[in-house]
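One structure below.
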Amino acid sequence: MASVRFTVTPTKAEDLPGLSDTSPDISSRSGARVRFGSRESVNRSDPLSDASGGAGTETPDHSSVEQGDGNSKISSVYINNSHCLDDDDFYDKNLALFEEEMDTRPKVSSLLSRLANYTNLTQGAKEHEEAESIGEKKKAGKSPHMGTFMGVYLPCLQNIFGVILFLRLTWVVGNAGVLQALCIVFICCCCTLLTAISMSAIATNGVVPAGGSYFMISRSLGPEFGGAVGLCFYLGTTFAGAMYILGAIEILLMYMAPNAAIFESKSPEGEGAAMLNNMRVYGSICLLLMSLLVFVGVKYVNKLASIFLACVIVSIVSIYVGALVSAFKPPQFPVCMLGNRTINGHEIDDSQCAKTILLPIHEPVERDDFNFTTISENSTAGPTFDPSPAPSLVEKTTYLWKQFCQSPELNSSCDQYFTSNNFSEIEGIPGLASGIISENVWSSYLSKGDVVEKSSLSSSHLAPPASTHQPYVFTDIATSFTLLVGIFFPSVTGIMAGSNRSGDLKDAQRSIPIGTILAILTTSIVYLSSVVLFGACIEGVVLRDKFGDSVKGNLVVGTLAWPSPWVIVIGSFFSTCGAGLQSLTGAPRLLQAIAKDNIIPFLRVFGHGKANGEPTWALLLTTLIAELGILIASLDLVAPILTMFFLMCYLFVNLACALQTLLRSPNWRPRFSYYHWTLSFLGMTICLALMFISSWYYAIVAMVIAGMIYKYIEYHGAEKEWGDGIRGLSLSAARFALLRLEEGPPHTKNWRPQLLVLLKLDEDAHVKSPRLLTFASQLKAGKGLTIVGTVVSGNFLQSYGEALAAEQTLKHLMDKERVKGFCQCIVAQKPREGISHMIQSSGLGGMRPNTVVMGWPHAWRQSEDPQSWKTFINTVRVTTAGHLALLVPKNISLFPSNSEPCSEGYIDVWWIVHDGGMLMLLPFLLRQHKVWRKCGMRIFTVAQMEDNSIQMKKDLATFLYHLRIEAEVEVVEMHDSDISAYTYERTLMMEQRSQMLRQMRLSKSDRDKEGNPGSSSSRPEGGATRSQAQLVKDRNSMLRLTSIGSDDADDTDGGERDRGPSSSSGGGGGNSEHQRRVQMTWTKEKTSHYRATHSGCSTPEGFRDMLSIRPDHSNVRRMHTAVKLNEVIVNKSHDARLVLLNMPGPPRNSEGDENYMEFLEVLTEGLERVLLVRGGGSEVITIYS
């Protein structure tokens, strides 16, 4: 015995340079070693790879040189080796117990090292920008360095502040009033704040790569919700790009270059349509240019982002400064009013807000243009002469007079409202100290075509409604609280900008919550204060004037800006262009991330792009979808669309956080702790309410789109397991439902077949009878529980990989047949034991199988190995003992596939004994499937001599009527008759064959006891054995009555794995008569002739007396029943598509098992498709509701 000496030297860990495990790939380690010294050489399966040398004294006796991969490697046995070259080969002696599993279970230090070296590669714009610089000098990769301010806070500000603040917020305040506008802004900001809290919890619950909300939702709620909401978020981002472009074009055509309009209308009615056409043309051009810029290079977009952000900040600062300045020196923007109606400033060509003006007389004036008077300009009295020596003044009608009167003459007929009211001018920007906020507190909603009016001014309301030909300021759309919510909400979106950049952040789990929430608080304060400032500084009619017509086409918010309105105009133009570029940059990457996840098959093409990763195809699709938004051409119509998509995205972010919190998943450990499921639930409720408040029909359309995408991914998408919360919810719901099911046995009305399908695999792990699963899918029609099982022969420790392969085969077949269920593979020494264990242990709680489906053991007569049919009979006994129903399809290869529907024919039910009503229920379930839907149903029952067949038929028809099953009814009378010679002879041959096989097995077991079974064929007894087998085969060919279409090449489908050549021996019998499958009728004469011709055959002594035995009387009676029933069934149902009949139970004495198989063969002879049914002992159908 070799003596082993351990050498232990106390050494500090930090003194060992080889102790630091720097390899992140633990699994690449070749093996583990124990450091010990021995007088004997210890052979390892892999070479030791430590270098020699160390702090201690090198001992040659305890170091060995081994050859590995052609290199000489010296391993030192001392533990204080300080020059260890291969760190992975060094293991502390304290881990010797674990060294054999070190390749799959690495050391903690190695794991920590691998985590420390983890780098998060973002999928955002940053690496695309770097990839575009391939030709440039490559720089060393930099670690994420961005902090909270630059990485999260400013990008969120840039994305949240947008076109709505500059173009629509004043209009929202004017229509809703300060109070309701504050309410709208507060609700929307609360929605985003609560969503940001939920998002912060999700974003800090582990590393979040780029992908933003899509990644968070998909990994929290699963691929179905993730794909649906991800696409909705993508559509929202795309339409946001269209909205920003429309906003930029509106600023360009309305306030910067009105003369650039291509389409112009000569009538007031066509001005709106002309404007929309201009928006479409310029919007399409702008979209094309922006798409080309994004296509050429993202780095240019990123470089322009800071400029655009500066424009936004400067514009907002100018608004606040202008509001403060207006308290001391209000800007001059006069608004012309006729009575209380606002006049369009564009229509005042001569800048005179009056009916007439007085001009001094310098030369003769044409009478047709002027009237001379000395009265005040707004007087409606006739002209008079002033005898004073003052210079004469001439009264001239203004441009506004021509708009309201038929001619410029003073005596012409004019509009009644014009005649009864005077012109006046009011300040458009009264200033912060004017107290105008008291008038702007309350709402003033208008209908389409209404005139913008100032309620505090007096006017005569006796006039008819204003005409669109008159120079008033009209509303272009009807306003309401709900509409304004939908239009304003896009101005608070953009809160995901920080999470999208998580790969660039130094500490994402700290920066994302702080930066996002601070940005939302900042923007909320800006919005709320802007509402108050607008209401306190700007006249109400100007606020309600969407396009600034009353202030001569100036941008309304620009009138408040300091030092000039152009600060806001230019700043808002560039900020909206920048936001549009950001949307066109982010949306294609979001689509690319969804496509690369491969959860939506038809989007796979959009996962590809240029060599540097640019999503070219996704950008093309984004441009086309954005063009649809451009063609809508109205900012007020596009805004509610993207409101729906963003709200749905935020709703599911809150849902994800609430679910994870309520389910208390073990992995739910967010670093951000200021969250609660009630906050998430409140945010989800607000999102849902805002969806229906802003536009209920848009909300329904968005939900339908998301639902369709969800179902598409569920049925056709790739299966992903991301540890999502919906899976946790499903587990909780399943647990609750299973516990409820355990409370009691199911009621008869709730009974449905919960199938356990036993399949057999061949030596190549292929399913031998896949039609069994096809039949199961037709029977289930996608409902209830289905478990598909098989048994692998062997030891579990050695056959585990084989079992996994078998399980994958079953899953593939289930997917192919579209069977929803579970698969189970059991490894057992004996197949019958494995099947028994599977039947006992399958299912859980109330979801246990109640019906077993197994195949018929074909060619069981020809097999010298009785295991096939013995396993079958044992399974029948096990199902009976377990009170389970049993279905055995015979000739399963002839059953129709799912693509072969039966156009006509009948399903025949032979109801011989009542065993719970399975025979009634199964045809009804089969006819729910398209394959059997057009088949009729016939029910046959058997009447004996003492039965009243007429009354039986009436009772059966009544029973079916109460069962609500439509079927033809027929009662077959079976008269008592003597046992025929054929029945007697058939029973005799059956018993002789059984006894011969028993003698053969005894003889074989005796040989096996004498010596090696493998050499028994060379012994003298081999000739006798072959003679016995030949006799059995000859007699078998004489006795065989092959059923139509049976597959003799198959073995049993009883759920066991093929055990090798022993299960397929004795296949054919070998003569041409057997190959032609002749059906023979035996008489006494034929039997006597056969005995006479075969009397000289050399048979062993043990078999000669079998020809003179007499059959057992009980077997004769059973054979008589089988023969008579078979005659009746073949006569009535020879043309049926499927025949269902009761399956007799196996004999209580196992010695008659082979006879039982013979009885079943006789019972089903001559039938093409047979389903043997054995009930589980409980009622499965009822007449009661």
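First measure r as the distance between the Cβ atoms of LYS303 and ILE262, then evaluate 1/(1 + (r/R0)^6) with R0 = 35 Å and state the FRET efficiency to the nearest 0.05. Could you put the intermediate results ahead of the total?
Numbers: r = 32 Å, r/R0 = 0.92.
E between LYS303 and ILE262, to the nearest 0.05, is 0.60.
Per residue of region 639-646, in order, report the coupling 6.51 cos²θ - 1.76 cosθ + 1.60 (Karplus, θ = phi - 60°) as ³J(HN,Hα) in whole Hz, putting x for Gly and Pro.
4, x, 5, 6, 4, 4, 5, 5
Distance in nm between label sites at GLN951 and SER456, each 7 Å beyond Cα in the beta-carbon direction?
That separation, rounded to one decimal, is 10.1 nm.
Subtract the Cα-Cα distance of ASN795 and LEU844 from 0.36 nm times their separation in residues, and report this length gain in nm to one decimal.
Result: 15.1 nm gained on full extension.
Along the Cα→Cβ direction, 7 angstrom out, place labels at SER438 and ILE477. What is the inter-label distance in nm?
In this crude spin-label approximation the distance works out to 3.4 nm.
Using only Cα atoms, what is the ratio of the radius of gyration of region 510-561 to 2.2 N^0.38 Å? Provide the component values of the computation, followed by the final result.
Details: Rg = 15.5 Å, N = 52, 2.2 N^0.38 = 9.9 Å.
Its radius of gyration relative to the 2.2 N^0.38 Å reference: 1.57.
What ³J(HN,Hα) values, in whole Hz, does the Karplus curve 6.51 cos²θ - 1.76 cosθ + 1.60 give for region 814-820 when θ = phi - 60°, with x put for Gly and Pro?
With coefficients 6.51, -1.76 and 1.60, one gets 5, 5, 5, 8, 6, 9, 8 Hz.
Relative contact order for region 805-884 using alpha-carbon pairs under 8 Å, separation at least 6, rounded to a whole percent? Write out the running numbers ahead of the final one.
On the way: 39 pairs, mean separation 21.7, N = 80.
Relative contact order here is 27 percent.
State whether region 636-677 is rounded, prolate or oblate according to the following rule on the C-alpha gyration tensor (a ≥ b ≥ c being the square roots of its eigenvalues): a/c under 1.5 gives rounded; otherwise a/b larger than b/c gives prolate, and the remaining case gives oblate.
Values: a/c = 4.41, a/b = 3.09, b/c = 1.43.
It comes out prolate by the Cα gyration axes.
What order do you get for 173-186, 585-598, 622-635, 604-617 when each peptide is scored by the mean count of other beta carbon atoms within 10 Å, highest first?
For the peptides 173-186, 585-598, 622-635, 604-617, the packing ranking is 585-598, 173-186, 622-635, 604-617.
Hey, which of these cross-link pairs are over 24 Å Cα-Cα: LYS266/LYS546; LYS711/LYS760; LYS760/LYS820?
Beyond 24 Å: LYS711/LYS760.
MET937's amide H: which non-local residues (gap 5+, or another chain) put their own amide H closer than 5 Å, with H modeled 1.01 Å from N in plane and none for Pro or chain starts?
HN-HN under 5 Å from MET937: ILE907, GLU968.
Hey, can you rank 687-693, 664-670, 263-269 by average C-beta count inside 10 Å, highest first? Before the final figure, lay out the partial values.
Numbers: 687-693: 19.6, 664-670: 13.4, 263-269: 11.7.
With the highest mean Cβ count within 10 Å placed first, the list reads 687-693, 664-670, 263-269.
Whole-Hz ³J(HN,Hα) for each residue in region 347-361, computed from phi via Karplus 6.51 cos²θ - 1.76 cosθ + 1.60 with θ = phi - 60°, x for glycine and proline: what do you get?
Result, rounded to whole Hz: 7, 9, 5, 9, 6, 10, 8, 7, 7, 9, 10, 9, 10, x, 8.
So who's got an amide H within less than 5 Å of the one on CYS823, skipping anything under 5 residues away but keeping other chains? H placed 1.01 Å off N, in plane.
VAL788
Over region 416-515, what percent of the accessible surface lies on carbon and sulfur atoms, probe 1.4 Å? Intermediate results must be reported in sequence, preceding the final value.
On the way: 2330 of 4340 Å².
That share works out to 54 percent.
Work out how much length GLU409 to TYR320 would gain on full extension: take 0.36 nm times their residue separation and subtract the Cα-Cα distance, in nm to one decimal.
Additional length available on full extension: 27.2 nm.
In what sequence, highest mean first, do 649-660, 512-523, 879-890, 806-817 appear when ranked by Cβ atoms within 10 angstrom? Each step should come with its number before you reach the end.
Values: 649-660: 27.1, 512-523: 22.8, 879-890: 20.3, 806-817: 17.1.
So the order, starting with the most tightly packed, is 649-660, 512-523, 879-890, 806-817.
What residues qualify as long-range amide H neighbours of ASN340, i.e. H under 5 Å apart, gap of 5 or more or another chain, H built at 1.01 Å from N?
none
Please work out how much length the chain gains when fully extended from SER730 to HIS837, using 0.36 nm per residue of separation minus the C-alpha to C-alpha distance, in nm with one decimal. Spell out each step's value before the answer.
Working: separation 107, 0.36 × 107 = 38.52 nm, distance 2.78 nm.
Answer, rounded to one decimal: 35.7 nm.
If you take the beta carbon distance between LEU293 and LYS329 as r and set R0 to 60 Å, what does 1/(1 + (r/R0)^6) give as a FRET efficiency, to the nearest 0.05? Mind dumping the intermediate values first?
Working: r = 42 Å, r/R0 = 0.70.
Given R0 = 60 Å and the Cβ-Cβ separation, E is 0.90.
Roughly to the nearest percent, how much of the accessible area of region 200-322 is carbon and sulfur, given a 1.4 Å probe? List each step's numbers first, then the result.
On the way: 3060 of 4320 Å².
Its accessible area is 71 percent carbon and sulfur atoms.
Using a Förster radius of 51 Å, what is the FRET efficiency between ALA611 and SER392 based on their Cβ-Cβ separation? Nearest 0.05, please.
On the way: r = 85 Å, r/R0 = 1.67.
The formula returns an efficiency of 0.05 here.
Mind scanning LYS870/LYS890; LYS299/LYS596; LYS830/LYS890; LYS830/LYS870; LYS816/LYS934; LYS780/LYS870 and naming the pairs with a C-alpha gap bigger than 20 Å? Before the final figure, lay out the partial values.
Working: LYS870/LYS890 17 Å; LYS299/LYS596 23 Å; LYS830/LYS890 24 Å; LYS830/LYS870 12 Å; LYS816/LYS934 24 Å; LYS780/LYS870 29 Å.
Cα-Cα > 20 Å for LYS299/LYS596; LYS830/LYS890; LYS816/LYS934; LYS780/LYS870; rest within.
If only Cα atoms are counted, what is the Rg of region 140-292, and what is its Dmax, in Å?
Reported Rg and Dmax, both Å: 20.4, 65.
The values are calculated or read from the model by the stated rules, or taken from the named source; none is laboratory data. Treat the numbers as computed from the prediction; the structure is a model and nothing was measured. Note that we place each Cβ from the backbone using ideal geometry, even for glycine, and neighbour counts take in every protein chain shown. Remember, those area values only see protein heavy atoms, side chains included, never the ligands or the DNA or RNA. Shrake-Rupley method; radii C 1.70, N 1.55, O 1.52, S 1.80 Å.
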